[in-house]
Every structure is written in C-alpha cells, then in structure tokens.
Amino acid sequence: MDFFRKFFGGGDTPSAKAAKERLRIVLIHDRTDISPQLLESLRVEMIAVLTKYMDIDESKIEMDLDHDESAVALVANIPVLRIKRGASDTLADDLTDAKIPPHTESLRNQNIRSRRRR
Amino acid sequence: MGARVIVITSGKGGVGKTTSTANIAVALAKAGKRVVAVDTDIGLRNLDMVMGLESRVVYNFIDVIEKNCKLTQALVRDKRVENLYLLPAAQTRTKDAVSPAQMAELCSQLRPDFDFVLLDCPAGIEGGFKNAAAGADEALVVTTPEVPAVRDADRIIGMLESMGKSPIRLVINRFRAIMVQNNEMLSQEDILDVLSIKLIGIVPEDDSVIKAANRGEPLTFAQESPAAQAYANIAARILGENVPLLQWDSYRSKGLFSSLKKMFGF
Ligand SMILES: Nc1ncnc2c1ncn2[C@@H]1O[C@H](COP(=O)(O)OP(=O)(O)O)[C@@H](O)[C@H]1O
Ligand SMILES: [Mg+2]
C-alpha cells in the first residue's frame, strides 16, 4: 500500500521540493565563497571611490560577508569623518577619470559570480 | 574562423558527458557537418569505446602535441558516417602531461578543417577541466536532476563564465518524467530556476544508452530511442534550428507502462 501511495505521488513533503530548497540555499553560499584577496581588492577599490565623496577613517573600516539561513549580505561599517563639499555636483565628471587601482586586474581574474541570484 | 569549439563538461562525474559528446558528434556529422570529437580525459579514456572506435586508435593527441606524429595520423575516421573523426586521449599519461596553452593550440590546429570540435571533458574543476576548457569558445554543461550534480554544475558554470565562454548551455540528462510528475525529482523549471542558465535539451533516462555503449554504436546513428531523439534535437539546436523541447508527457505513457510492468512483474 505504501508503494502505491508513493507511486501516485501521495505522502508527505515531496522530495523534489526539498531538493530545490536545499540547492537554493547551498548555492547562495557557494557563490559567495569569496577569497580574502578578493575581499581586500574590493575594500581598496571601495575606499578609492568613497574618498572622492567623503573623508573616511580607513583604519576603522569593517567589511565582511554575512551569511544566514537563506541570504548573504555584504556588510560594511565605514566611519565617515566629513562629506566633501560640492561632491554631488562633480559626480559625473569625476567618475569618468576615476583612478582604477592596480588591484582591478586581480578582481577580474577571480572566479566571482555575477549571475543573477534568486 | 573555422570550427566552433564546444567543451562538454559537468563538474560531477558520471552524469553523461561522454555519452553526450558521442551522440551529439554523430548527430552533427549526420547533418552534414565536419566534426571531430576530442577525448580530453587523459588516463581515463572512454570516448573511443562509446563511439566504438577503440580498435583503430594508434596515436593520441599528446603524440600530436609532442610531435611524435602528425595531426592527421592521430585522427580516427568513423567509417559509418561522412566527416566524423575521433581524436583520442592518451591512456597511460596523466593530466599534467599537457598545459592549457597546448590544448588551446591543438584546438587552433583543428579549427580550419572542421565545422565542430567537441571536447569531452574529464570530471572535476582541476587541471583536466582547465585544459579542456582552454581552447573552447562555447560550453555545454551536463547535469542530472540530482542535488549534487546540480550543485557541481553551478560551480562549473561560474568558472566557464569567468573564462568568458559563451554561450554556456545546459543539458539535463537521465530525466525521469514519471518521477518529476510525482514530485520526486527536480523538474526542468526547478533546475533552470536555480542555475539561471539557458537549456539546450533534456535527455530522458533510457536503457538504450547503455546498450549502445555496450556495442559502441552511438544511439544517434539509429535515432529510434527517446534519448537518440533528444540528442538529435540538441544537435539541431546547436545548428541554430528552433526545435521545440521534447514533450516529456509523450513518454509518460511509456514510463507508466514500464513502471506497471515492474510492479506486476511482467
Ligand atoms: N540518458 C541516459 N540513460 C541511461 N543511462 C545513461 C544515460 N546517460 C548516461 N548513462 C550512463 O551513465 C554512465 C555514465 O555516463 P558517461 O557518459 O560515461 O558520463 P561521464 O562522461 O560524464 O562520466 C554510463 O554508464 C552511461 O551509459
Ligand atoms: Mg566521460
């Protein structure tokens, strides 16, 4: 009888549903498995961008990936000392000739996933 | 210019890379294309047996790289169809016998003479995979509807993307419609949703795959079984044809029948 129930799709939570949910969660983690070097290049480039707009306390920056059951967040705590005056006006111009630090290449070579996550 | 170079890969082993390579190669050759299937699984060569050409292997691609023979000497011609060749792997060497640069160079040597170079990739994400992928433009990623295979496929897709391969398309192999219907197997939608990748075809679980491998006669030579049909459709889609997906419902009755058969023992 058990066999029949299984055969006709009865029973408790279908295993396909469990499979999908488990995959969804494990892939969130797999895809953000980020190396310390990559995180460091990210930090350096972020500072480069931020300092165009504000003075920040570089020594007190905290940055990490926060994992929980179903999501991953990049959490950064960046103490701001001063917002630069007129930063908003020069935004567009400044961006075009922003200096790209040498770390950019290593960023590009890393296996980081840019695919849409659901 | 010249051939499109496509790597057939998976991450996890045993999901159907070699089966897919052989069947797609035959189907493309039957469609009139000049095809070479390259076995890049050094030390664990299989493609020669699945294609039924093992008795005619003399040289392998490492002999070509090391200049022990000319490329044309290493190519094994399949006599059953025009313009189909196998370039075998060395059985007694290891993956580090060649470098990605040498594999890319080998692909460049093959390009002018073929329309398609299909690279049957070893399992894993290490040297063997990197060698095989080095010379490829495009990739087919094979997975079964099982959790470990899908997870490994995701890893491989990430690596292929960062290597700039495009398009990267998914083959779902060993699909069992009746299990999917009973919600006991990941459906195609589930898999595509999780992997966010384009599908190129679904190959059903089919006993004739094993029978074909026993005989060394790729299924697409006969094109009767469901798997053969699925592989022929994948080849057509590679050629840019707009072939609708096999309606797996049409195998439902068959699947149901064989399940009933098993159940009642006839
Ligand atoms: N659609 C299928 N139906 C039934 N058996 C299959 C199917 N695809 C592959 N197989 C079997 O699975 C095994 C592994 O296939 P293979 O192509 O050698 O995988 P890989 O090259 O990825 O290791 C072989 O025994 C093959 O006959
Ligand atoms: Mg194989």
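The values are calculated or read from the model by the stated rules, or taken from the named source; none is laboratory data. What you are looking at is a predicted structure, and each value in this text was computed from that prediction instead of being measured. Neighbour counts are summed over all protein chains in view; Cβ atoms, including those assigned to glycine, are modelled from backbone coordinates with ideal geometry. Quick note on the areas: whole protein, heavy atoms, side chains included, nothing else; ligands and nucleic acids left out. Shrake-Rupley method; radii C 1.70, N 1.55, O 1.52, S 1.80 Å.
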So, for chain B, what is the accessible surface per residue at a probe of 1.4 Å, expressed in square angstrom? 43 Å²
Near the amide H of residue B:85, under 5 Å away, which other amide H atoms are found, from residues 5 or more places off or on another chain, if H is placed in the peptide plane? B:35, B:36, B:37, B:78
Computing the accessible area with a 1.4 Å probe over protein heavy atoms, can you report the carbon and sulfur percentage for the stretch B:4-264? 48 percent
Nearest 10, in degrees from 0 to 90: the angle of helix B:100-110 to the longest Cα principal axis of chain B is 90 degrees
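So what's the net charge close to residue B:121: Lys and Arg +1, Asp and Glu -1, counting the other residues with Cβ under 15 Å from its Cβ? The partial results should precede the final answer.
Working: positive: B:12, B:17, B:45, B:95, B:130, B:155, B:165, B:169; negative: B:39, B:41, B:120, B:126, B:137, B:138, B:152.
Counting the neighbours of residue B:121, the net charge comes to +1.
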Spin-label pair residue B:109/residue A:80, simplified geometry with 7 Å Cα→Cβ offset, distance in nm: 6.1 nm
Take the Cβ-Cβ distance between residue B:198 and residue B:91 as r, set R0 to 56 Å, and report the resulting FRET efficiency rounded to the nearest 0.05. 0.95
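How long is the gain from residue B:242 to residue B:138 if the chain were fully straight, where each residue apart is worth 0.36 nm and the alpha carbon distance is subtracted?
The residue B:242-residue B:138 span can extend by a further 35.6 nm.
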Heavy-atom accessible surface buried between A and B, both sides counted, 1.4 angstrom probe, nearest 100 Å², is 2300 Å²
Structure-based [θ]222 nm, chain B - -39500 (n - 2.57) summed over DSSP H runs of at least 4, per residue, nearest 500: -12000 deg cm²/dmol
Only bridges whose two residues both fall in the stretch B:4-264 count here: according to DSSP, what percent of them are antiparallel, nearest 5? 5 percent
Please turn the phi angles of the stretch B:21-36 into ³J(HN,Hα) values with the Karplus equation 6.51 cos²θ - 1.76 cosθ + 1.60 (θ = phi - 60°), one per residue in order, whole Hz, x for glycine and proline. 4, 4, 6, 5, 4, 5, 5, 5, 5, 5, 7, x, 8, 8, 10, 10
Simple label model, 7 Å out from Cα along Cβ direction - residue A:57 to residue B:66, nm: 6.4 nm
Quick check: Cα centre of the stretch B:123-184 to Cα centre of the stretch B:190-233, how many Å? 15 Å
At a probe radius of 1.4 Å, what is the per-residue accessible area of residue B:116, in Å² to the nearest 10? 10 Å²
Mind listing the long-range amide H neighbours of residue B:140? Cut-off is under 5 Å, sequence gap 5 or more, other chains count too, H placed in the peptide plane at 1.01 Å from N. B:7, B:8, B:9, B:169
Take the residue pairs A:17/B:211; B:79/B:198; B:17/B:70; B:67/B:211; B:12/B:165 and return only those whose Cα atoms are more than 31 Å apart. A:17/B:211; B:79/B:198; B:67/B:211
